[in-house]
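A short reminder: the numbers here are calculations on the coordinates, not readings from a lab. Keep in mind it's a predicted model, so treat the numbers as computed, not measured. Don't worry about glycine lacking a Cβ; one is built from the backbone with ideal geometry, like all the others, and counts go over all protein chains shown.
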Amino acid sequence: MPNVVVIGAQWGDEGKGKVVDLLTEHAQMVVRFQGGNNAGHTLVVGGQKTVLHLIPSGILHPGKTCVIGNGVVVDPAVLVGEIDALKARGFLKDDAQLLISDNAHVIFPWHKLLDSFREKARGGSAIGTTGRGIGPSYEDKVARRGIRMRDLLNPDRLRKRIEERLPQALEELKDLCAQAGADVPQLEVPQVLAEFSALGARLKPYVHDASLYLSEQVRRGARILFEGAQGTLLDVDHGTYPFVTSSNCVAGNAAVGSGLGPTAIDKVMGISKAYTTRVGGGPFPTELNDAIGEQLRKVGDEFGATTGRPRRCGWLDGVVLRYAARVNGLWGMALTKLDVLSGLKTLQICNAYDLDGQKITELPGDYEDLARVKPIYESMPGWDEKLAGVRTFDELPENAKRYVRRVEEVSGVPVVCVSVGADRGETVLLQNPFRAE
Ligand code: GDP
Ligand code: IMO
Ligand code: MG
């Protein structure tokens with residue numbers, strides 16, 4: 001039975017949540033394998049909107065298991081809030097529907113404070129992080145001083161770990177606060193210990209050896225959907241470093257971040273908007289700081305699902321999509337928000353860059369080069385028709401069909417899904433990735 005990874009092919013917010021919710025019907029479980037509550041995944045079902053930050057986007061389907069893998073960094077208070085909000089709406093009736101890896105690392109208050117104060121200290125060269133403590137938590141993990149979900153369930157060990165880590169974090173915070181002219185936050189061991197022990201007790205029923213659980217499911221032939229967060233160009237190795245997040249967002253990490261071997265993965269589906277957006281700092285060659293960029297933001301409602309920040313908007317970048325196809329091994333592409341392009345007379349697709357007078361067709365490795373490139377565009381005629389009612393490829397206006405076909409040619413990846421609205425039903429699924437070929 002095929003297992004499928006869903007990956008953002010751009011800078012995040014491509015519509016991964018929508019596609020995962022749609023595909024969950026064909027899977028038995030959905031696994032988040034990296035990132036944390038920097039993610040904001042939006043699902044709209046029958047007009048009702050749900051935004052998820054940590055719980056996998058399969059949770060609206062009763063009977064489908066949702067797993068938060070070891071590669072995720074968990075803010076336990078946010079997770080409890082998300083669980084409670086879902087339960088209040090009649091979802092997650094059965095606690096067995098949610099599993100959290102005992103090896104997932106925890107975000108503590110000092111991680112969030114360090115994230116925010118470091119950003120302030122960066123001034124004009126700030127990354128524009130979400131301020132959720134993601135980077136500092138992954139740093140502690142790699143530095144081998146992190147605190148994991150399993151530690152929350154063991155008060156003696158938790159006390160020891162907090163006693164070790166909190167004074168070090170406060171030392172750094174003291175310097176950063178002095179620079180910012182701010183008061184040093186009051187954080188004390190007993191208070192943090194009490195808060196996080198209580199959160200641990202609350203989350204205990206969900207904490208398991210997720211790797212063992214998933215490997216048993218693989219052996220039984222279960223179909224697994226892996227849900228990427230962020231996007232390829234935000235990957236800490238393959239993105240526009242240093243303007244990236246602190247985890248690997250590419251498909252290869254689906255195995256590492258869930259505790260399975262790479263042989264458990266069969267197909268990788270990339271998600272791309274029909275144009276491009278980015279939140280936060282860093283290079284963005286096809287960015288439009290004009291009326292068209294403004295129109296995309298307005299019509300596409302391009303405001304962050306996590307921080308509410310306006311997203312930067314621009315034309316589709318084929319160089320980025322080819323790169324995403326390469327580093328993820330994309331099998332197919334879901335093209336979302338095609339409806340947002342309705343009414344634009346002429347559309348532009350970037351298929352190459354001009355770097356200092358030379359035409360290049362691959363993404364430059366250095367972010368300063370990428371910041372300098374000029375996109376080389378090809379123009380295509382647009383369409384006026386609204387697309388929200390379209391349910392088959394044939395119903396698309398001719399110019400929209402041409403646009404989709406050109407995206408396939410430029411990216412080298414077949415478009416297997418076209419999304420024409422935020423609602424689950426506003427989708428044309430051309431090829432089901434769970435169907436064996
Ligand atoms: P994710 O982080 O990749 O899950 O994406 P977000 O939820 O952050 O952002 C995608 C936004 O676009 C959300 O508001 C979705 O409801 C919305 N959306 C997804 N697909 C479509 C589509 O085809 N058309 C329109 N108009 N909106 C869409
Ligand atoms: P989803 O899963 C868009 C961006 C931030 C910032 C950079 C680093 O909803 O697509 P971080 O807080 O991770 O240290 O911030 O990454 N970023 C996202 N942008 N969508 C996301 O998630 C993002 N998660 C992080 O804006 O530029
Ligand atoms: Mg998002």
Report Rg/Rh for the chain, rounded to two decimals, where Rg is the Cα radius of gyration and Rh the Kirkwood radius.
0.97
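Mind ordering 182-195, 416-429, 157-170 by average Cβ neighbours within 10 Å, highest first? Can you show the working numbers first?
On the way: 182-195: 12.8, 416-429: 20.6, 157-170: 16.4.
Per-residue Cβ counts within 10 Å, averaged per peptide and sorted highest first, yield 416-429, 157-170, 182-195.
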Which of Q10, G123, C313 sits farthest toward the positive end of the charge dipole of the chain, with +1 on the Cβ of Lys and Arg and -1 on the Cβ of Asp and Glu?
Q10
Under Karplus coefficients 6.51, -1.76 and 1.60, residue-wise ³J(HN,Hα) of region 157-169 in Hz, glycine/proline x
5, 4, 4, 4, 5, 5, 4, 6, 8, 4, x, 5, 5
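Given the Cα-Cα distance of D394 and K374 and 0.36 nm per residue of separation, how much length would full extension add, in nm? Before the final figure, lay out the partial values.
Working: separation 20, 0.36 × 20 = 7.20 nm, distance 3.52 nm.
Roughly 3.7 nm would be gained on extension.
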Evaluate the charge dipole of region 367-410 about its Cα centre and quote only its size in Debye, nearest 20, assuming +1 on the Cβ of each Lys and Arg and -1 on the Cβ of each Asp and Glu.
40
Dipole size in debye (nearest 20) for the chain around its Cα centre, Lys and Arg Cβ +1, Asp and Glu Cβ -1?
680
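Where does each of R312, R372 land when they are ranked from fewest to most other beta-carbon atoms within 10 angstrom? It would help to have the intermediate numbers written out before the result.
On the way: R312 22, R372 15.
Lowest to highest Cβ neighbour count: R372, R312.
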Taking alpha-carbon centroids only, region 251-277 lies from region 33-67 a number of Å equal to 17
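Determine the gain in length on full extension of the stretch D175-L153; use 0.36 nm per residue of separation and subtract their C-alpha separation, reporting nm with one decimal. Walk me through the numbers before you get to the answer.
Values: separation 22, 0.36 × 22 = 7.92 nm, distance 3.24 nm.
Stretched fully, the D175-L153 segment lengthens by 4.7 nm.
What's the extension gain from K93 to A194 if we count 0.36 nm per residue and subtract their Cα-Cα distance?
Details: separation 101, 0.36 × 101 = 36.36 nm, distance 2.78 nm.
Extra length from K93 to A194 when fully extended: 33.6 nm.
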Most to least packed among 144-151, 11-18 [average Cβ atoms within 10 Å]
11-18, 144-151
Which of the lysines could a cross-linker bridge to K345, judged by Cα under 30 Å and excluding same-chain residues fewer than eight apart?
K16, K18, K273, K298, K337, K359, K374, K386, K401
Inter-probe distance in nm under a simple model that places probes 7 Å from Cα toward Cβ, at V45 and T263
3.5
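Give, rounded to the nearest 20 debye, the magnitude of the charge dipole that region 289-420 has about its Cα centre when Lys and Arg contribute +1 at Cβ and Asp and Glu contribute -1 at Cβ.
Working: 18 positive and 20 negative charges, 48 e Å.
Charge dipole, region 289-420, about its Cα centre: 220 debye, nearest 20.
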What residues have an amide H closer than 5 Å to that of V67, excluding those fewer than 5 places away on the same chain, when H is modeled at 1.01 Å from N in the peptide plane?
V30, V31, R32, L99
Degrees, to the nearest 10: 109-122 long Cα axis against longest axis of the chain
50
As straight-line cross-link partners of K93, the qualifying lysines (C-alpha separation under 17 Å, not fewer than 8 residues apart within one chain) are K64, K204
With just the Cα atoms defining each centre, how far is region 372-437 from region 71-113? Give it in Å.
35
Straight-line reach only, C-alpha to C-alpha below 21 angstrom: list the lysines that K120 could link to, leaving out same-chain residues fewer than 8 apart.
K112, K174
How far is helix 210-219 tilted off the main Cα axis of the chain, in degrees rounded to 10, range 0 to 90?
50
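Determine, for each peptide in 384-390, 333-339, 277-283, the mean count of other beta carbons within 10 angstrom over its residues, then list the peptides with the highest first. All intermediate terms of the calculation are to be shown ahead of the outcome.
On the way: 384-390: 15.0, 333-339: 25.9, 277-283: 21.7.
In descending order of packing, they fall as 333-339, 277-283, 384-390.
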Between L347 and residues 5 or more places away or on another chain, the pairs with built amide H atoms under 5 Å apart involve M380, G382
Can you compute the helix-only [θ] at 222 nm over the chain? Use -39500 (n - 2.57) per DSSP H run of at least 4 residues, normalise by all residues, nearest 500 deg cm²/dmol.
-10000 deg cm²/dmol
Residue by residue through region 79-90, the couplings from Karplus 6.51 cos²θ - 1.76 cosθ + 1.60 with θ = phi - 60°, in Hz, x for Gly and Pro, are 5, 4, x, 5, 4, 4, 5, 5, 4, 4, 9, x
For the chain, with +1 on Lys and Arg beta carbons and -1 on Asp and Glu, the positive-most of L214, T232, Y377 along the dipole
L214
Residue-by-residue Karplus 3J(HN,Hα) for region 224-239, coefficients 6.51, -1.76, 1.60, Hz, glycine and proline x
10, 10, 9, 10, x, 10, 6, x, 3, 7, 9, 5, 5, 9, 9, x
